[in-house]
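As structure tokens, the structure follows; a few thoughts come after it.
The values are calculated or read from the model by the stated rules, or taken from the named source; none is laboratory data. Nothing here was measured: the structure is a model prediction, and the numbers come from that model. FYI the Cβ positions are ideal-geometry reconstructions off the backbone, even for glycines, and counts take in every protein chain you see.
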């Protein structure tokens with residue numbers, strides 16, 4: 001009944017077409033590459049304030065004009081944050097950026113999130129923006145998958161973010177993307193893979209050559225649908241402490257379709273973004289102390 005009610009709501013996403021970038025992503029990726037500018041227009045940069053300046057720490061996805069979805073481990077109530085939308089090259093002012101402050105008290109981690117146990121799951125958070133985003137070619141809304149939706153093994157999805165280019169490496173200026181085939185739970189939970197550290201409320205993707213890394217946390221796992229749109233199936237959660245691209249340790253994401261009820265309760269109109277379609281552990285955010293993935 002609630003989902004039917006949500007589906008009946010008129011929402012700006014229906015007019016703008018969520019998950020449909022004006023600039024199409026590149027179709028060829030080898031170990032990651034510069035993304036086409038604004039081809040992932042729901043991608044955001046979550047930044048924290050230090051010594052009077054803001055620094056990138058995590059990614060995120062714009063799921064409503066005034067709401068961003070990110071990882072729980074990206075959030076600290078002791079920090080001041082801002083979100084940058086329409087970003088591509090962080091070293092340049094390109095004119096498409098929207099910088100929106102975050103008010104204290106508008107950071108919401110999942111109630112079951114345990115910051116001392118990333119592998120326990122529930123690594124997801126919502127951020128309410130202090131003002132609504134202005135949608136356009138460079139800033140659009142993400143589509144979310146229907147509740148319980150499970151991707152098949154080998155599904156071709158893309159990670160995007162400004163995370164490190166390799167373990168201990170530099171942060172890129174330009175938004176990166178990489179093709180990460182999904183690794184299903186049956187494979188990812190094997191003892192010589194992630195074992196019990198991975199749960200059914202997570203999604204594994206990638207392998208020993210291509211992966212997420214520090215600074216990618218909270219960002220989207222973008223997966224294509226049959227109608228040509230994209231859905232955000234995952235929120236980047238963790239990689240191996242032995243290296244971002246360790247053998248049999250694919251990048252692990254929070255599975256968005258396991259948290260639809262919580263998302264819709266916090267952000268009711270995201271129902272329109274859902275029902276219109278049927279189609280050792282290291283958190284990977286950049287300001288984590290003593291990181292060594």
Considering every residue within the stretch 213-225, establish whether at least one is over 16 Å from the mean Cα position of the chain (by Cα) and either closer than 23 Å to residue 67 by Cα or not in a strand (DSSP E or B) (or both).
yes
Hits in the stretch 115-160 (condition: assigned to a loop (DSSP other than H, G, I, E, B), farther than 20 Å from residue 201 by Cβ and within 16 Å of the chain's Cα centre (by Cα)):
139, 140, 141
Yes/no for residue 22 being under 23 Å from the mean Cα position of the chain (by Cα), modelled with pLDDT under 65, part of a loop (DSSP other than H, G, I, E, B) and farther than 18 Å from residue 92 by Cα
no
In the stretch 161-184, how many residues are in a strand (DSSP E or B) and more than 28 Å from residue 96 (Cβ to Cβ)?
3
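What tally of residues in the stretch 62-79 results from selecting those that are outside any strand (DSSP E or B) and farther than 13 Å from residue 18 by Cβ?
10
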Would you pick out the residues in the stretch 195-236 that are surrounded by 24 or more Cβ atoms within 10 Å (Cβ to Cβ) and more than 19 Å from residue 155 (Cα to Cα)?
213, 214, 215, 216, 217, 218
Exactly one of 116, 103, 89 is loosely packed, with under 14 Cβ neighbours inside 10 Å and over 19 Å from residue 236 (Cα atoms), and that residue is 103
Could you list, in sequence order, the residues of the stretch 25-58 that are more than 20 Å from residue 162 (Cβ to Cβ) and either modelled with pLDDT under 90 or crowded, with 20+ Cβ neighbours inside 10 Å (or both)?
27, 28
State whether one or more residues within the stretch 121-129 are modelled with pLDDT under 95 and either touching a strand residue (DSSP E or B) at 6+ places or on another chain (Cβ under 8 Å) or farther than 15 Å from residue 237 by Cβ (or both).
no
Only unsatisfied item for residue 187, checking (1) in contact with a helix residue (DSSP H, G or I) (Cβ under 9 Å, 6 or more places away or on another chain); (2) not in a strand (DSSP E or B), is (1)
